[in-house]
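Engineer: Please find one structure pasted underneath; my questions will follow.
Values in this text are rule-based calculations from the coordinates and carry no lab data. Values in this document were obtained by computation on a predicted structure and should not be read as measured data. In this analysis, Cβ positions are derived from the backbone assuming ideal geometry, glycine residues included, and neighbour counts consider all displayed protein chains.
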Amino acid sequence: MALATFLQLLRSTTLQERRAQRLYRTEVLRIAARVRGIFDEWLLLREVEPDNAQLANAAAVNRWELMRLLKAAEGLEPPRSLSGIHRDVHNALVGSARACQLLANGYRVYKSEAVCDGQALLVETLADINELVSQLELRA
């Protein structure tokens, strides 16, 4: 754990700051759960759907939903103590949406490089989301 994070954990917080952290944490955990759900649904669909057009459409819908989650995250006002995590949540959502865009384009034009890049980026951003959830739970 980074020294700055450890010291921040030791710093006493006001009741108002703890309430803001709890509310922010709840919303980010909800967003993270939906991102995980999108990823799980994508993996299941990819295993059973042979039609590239259907996969492209599903990836495009996933991108749309991730962009809606990004807009919701942008509307959150994180407490100062969680501003770094907020920036990372934003970046992970942007990365996930970009991954779905690559997947949609790759499946639509039969470009395996874009599909591979999109899948790799999706896995990477999901790992980032999971790490952020761990960080938030650590601060609970």
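Engineer: What ranking do 77-85, 24-32 get when scored by the average of other Cβ atoms within 10 Å per residue, highest first?
Structural biologist: Working: 77-85: 15.9, 24-32: 17.4.
Descending packing order for the listed peptides: 24-32, 77-85.
Engineer: Ranked by Cβ crowding within 10 angstrom, fewest neighbours first, how are Lys71, Lys111 ordered?
Structural biologist: Details: Lys71 10, Lys111 14.
Sorted ascending by nearby Cβ count, the order is Lys71, Lys111.
Engineer: What is the Rg over Rh value, at two decimals, for the stretch 19-138, using alpha-carbon atoms and the Kirkwood definition of Rh?
Structural biologist: Rounded to two decimals, Rg over Rh is 1.02.
Engineer: Divide by every residue of the chain the summed helix terms, -39500 (n - 2.57) for each DSSP H run of at least 4, and state the resulting mean residue ellipticity at 222 nm, rounded to the nearest 500 deg cm²/dmol.
Structural biologist: -29500 deg cm²/dmol
Engineer: Dipole size in debye (nearest 20) for the chain around its Cα centre, Lys and Arg Cβ +1, Asp and Glu Cβ -1?
Structural biologist: Working: 18 positive and 17 negative charges, 135 e Å.
Charge dipole of the chain: 640 debye, to the nearest 20.
Engineer: Separate question: Enter the per residue convex hull volume of the stretch 36-89, computed from alpha-carbon coordinates, in Å³ rounded to the nearest integer. Walk me through the numbers before you get to the answer.
Structural biologist: Numbers: hull volume 3.9 nm³, N = 54.
Spelled out: Cα convex hull of the stretch 36-89, divided by residues, is 72 Å³.
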